[in-house]
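Right, one structure below, let's go through it.
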Amino acid sequence: MSNAPASDGAVRIVEVGARDGLQNEKQTIPASAKIALIDRLSATGLRSIEATSFVSPRWIPQLADAAEVFSGIHKAAGVSYPVLVPNEHGYARARAVGATEIAVFAAASEAFSQRNINASISESMARIAPVIRQAKADGVRVRGYVSTVLGCPYQGAVAVADVVRVAAQLHALGCYEISLGDTIGAGTPIQARTMLAAVAEAVPMAALAVHFHDTRGQALANILACLEHGVRVIDASVAGTGGCPYAKGASGNVATEDVLYMLHGMGISTGVDLDALAATGRWLSALLGRENGSKVGRALAGSSNGEAA
Ligand code: HMG
Ligand code: MG
């Protein structure tokens, strides 16, 4: 298998727990707790931590405190803190508090695009384009997401060609990396690899990331299939928190702890301290008052490795 990961092949984890993880929470989480979460994550060796999103607070009230959270976190050297931005208004809010990396998002499914951002796919591209242009002029890095790459809660199947088209558009507009999102955790490994392979025909593999929700327990298997095909950037969420309020049935992201355990066990370095990350996952689960969504986090809690929380 020519694309099999080398034993020292470094993988970058993009930690999305503070944004994807908390955007769907029913309970109110104080900004101080979000800041504490991100500061803990910053001490684990992660290099990319998505901090919050500057979307409409009417649509995502859980992250209405984005400016307070972003201003309050300690920005560790060598760590980037991208924030989600849907439009120029969101970009201005993010820049006002000093964001230097943003993430824009579009969908491969028309139905999901309408439900999530009240726009068609082409309208969303027209909305995003000036944001990316301005960001590039300001020296702000832009990551792009494509949602519903392996299925849509409203339209069902999503054509791979639609995923390729949207990913290629985001890349052409100037996103340095495109994260392919299985928003509702519908995909299985061969589908995931086939979709990735098709996108990689249009966008260089080095500019691709995968973003799996674990709704049906397929996320790690899908990640392995994509790793074997050459992807080296993986989005994950501490303690497996997450979901999108506009994706009915979406559950948490794959747990960062579980991804780290798999990668490190395969001899693939990430630079992230699993014990420190798992301790943060237990701390967050206690804060949210729910069972830890990471199996590895639960297993470590019962071993001598996992007493650091
Ligand atoms: P809209 O209602 O069509 O927007 O929403 P609008 O432009 O007509 O504005 C309506 C009001 O919102 C106005 O206020 C604007 O000023 C305000 P009013 O004049 O009525 O008082 N507004 C804003 N306020 C603050 N910040 C802003 C902003 N923009 C407008 N940025 C919009 C369109 C895109 C804004 C809305 O649909 C929205 O914010 N949607 C976000 C939904 C969302 O965040 N979903 C979850 C993230 S995506 C995801 O989770 C998937 C991912 O994880 C990958 C995967 O898993 O697939 C990334
Ligand atoms: Mg997501």
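The values are calculated or read from the model by the stated rules, or taken from the named source; none is laboratory data. What you are looking at is a predicted structure, and each value in this text was computed from that prediction instead of being measured. Glycine gets a Cβ as well: all are built from the backbone with ideal geometry, and neighbour counts include every protein chain shown. When the accessible area is computed, the model is the full protein with side chains, heavy atoms only, and any ligands, DNA or RNA have been set aside. Shrake-Rupley method; radii C 1.70, N 1.55, O 1.52, S 1.80 Å.
Taking a cut-off of 13 Å between Cα atoms, list the aspartates and glutamates near LYS34, but don't count ones fewer than 8 places away on the same chain. Cα-Cα hits under 13 Å: ASP20, GLU25, GLU50, ASP65, GLU68.
R0 = 45 Å: FRET efficiency of ILE190 with ASP138, Cβ-based, nearest 0.05?
Numbers: r = 41 Å, r/R0 = 0.92.
The calculated FRET efficiency here is 0.60.
Stretching the chain fully between ALA77 and THR100 yields a gain of 7.0 nm (0.36 nm per residue, less the alpha carbon separation).
Put a plus charge on the Cβ of each Lys and Arg, a minus charge on the Cβ of each Asp and Glu, and nothing anywhere else: the dipole of segment 12-303 about its Cα centre is then about 280 debye.
Counting only lysines at least 8 places from LYS136 when in the same chain, those with an alpha carbon closer than 22 Å to its own are LYS75. The apolar share of the surface of segment 12-303, taken as the fraction of accessible area on carbon and sulfur atoms (1.4 Å probe, ligands and nucleic acids excluded), comes to 53 percent. Between the C-alpha center of segment 30-95 and that of segment 222-243 there is a gap of 21 Å.
What ranking do 148-154, 65-71 get when scored by the average of other Cβ atoms within 10 Å per residue, highest first? If you can, show how the numbers build up before the last one.
Numbers: 148-154: 24.0, 65-71: 20.1.
Taking the mean over residues of other Cβ atoms within 10 Å, the ranking is 148-154, 65-71.
If R0 is 22 Å, the Cβ-Cβ spacing of GLU88 and SER122 corresponds to a FRET efficiency of close to 0.80.
Take every Cα pair under 8 Å in segment 1-135 that's 6+ residues apart, average their separations, divide by the length, and report that relative contact order as a whole percent. Please list the in-between numbers first.
Working: 177 pairs, mean separation 26.7, N = 135.
It comes to 20 percent, rounded to a whole number.
Only Cα pairs under 8 Å and 6+ residues apart enter the sum, and on that basis the relative contact order of segment 12-303 stands at 18 percent.
Take every Cα pair under 8 Å whose residues are at least 6 apart in sequence, average their separation, divide by the length of segment 203-256, and the relative contact order is 41 percent.
The simple Förster model, with R0 at 25 Å and r as the Cβ-Cβ distance, assigns ALA33 and ALA299 a FRET efficiency of 0.50.
For GLN134, what charge total do you get from the other residues with a beta carbon under 11 Å from its beta carbon, if Lys and Arg give +1 and Asp and Glu give -1? Its environment carries a net charge of +1.
For ALA250, the residues whose modelled amide H falls within less than 5 Å of its own, excluding neighbours fewer than 5 places apart on the same chain, are CYS244. Projecting the Cα atoms of THR241, PRO153, LEU196 onto the charge dipole of the chain (Cβ charges, centred on the Cα centre) puts PRO153 farthest toward the positive pole.
Net charge in the neighbourhood of ALA103 (other residues with Cβ under 12 Å of its Cβ; Lys, Arg +1, Asp, Glu -1) is -2. Could you name the aspartates and glutamates whose alpha carbon sits less than 15 Å from that of LYS295, not counting residues in the same chain fewer than 8 places away? In chain and number order, the partners are ASP214, GLU257, ASP258, ASP275. Looking at the chain, the accessible area is 38 square angstrom per residue; that uses a 1.4 Å probe and ignores ligands, DNA and RNA.
Computed 3J(HN,Hα) for segment 203-211, one whole-Hz value per residue from the Karplus formula 6.51 cos²θ - 1.76 cosθ + 1.60 where θ = phi - 60°, is 10, x, 3, 5, 9, 10, 9, 10, 9, glycine and proline marked x. With an a/c value under 1.5 for the gyration tensor axes a ≥ b ≥ c computed over the alpha-carbon atoms, segment 12-303 is described as rounded.
Here the 3J(HN,Hα) profile of segment 132-144, calculated from phi with Karplus coefficients 6.51, -1.76 and 1.60 at θ = phi - 60°, is 5, 4, 5, 4, 5, 5, 8, x, 9, 6, 10, 9, x Hz, Gly and Pro shown as x. A simple spin-label model places pseudo-atoms 7 Å from Cα toward Cβ; at GLU25 and TYR176 they are separated by 2.9 nm. Springs between Cα atoms under 10 Å define the GNM used for the chain, and in it the highest mean-square fluctuation of GLN155, GLN191, GLN218 occurs at GLN155.
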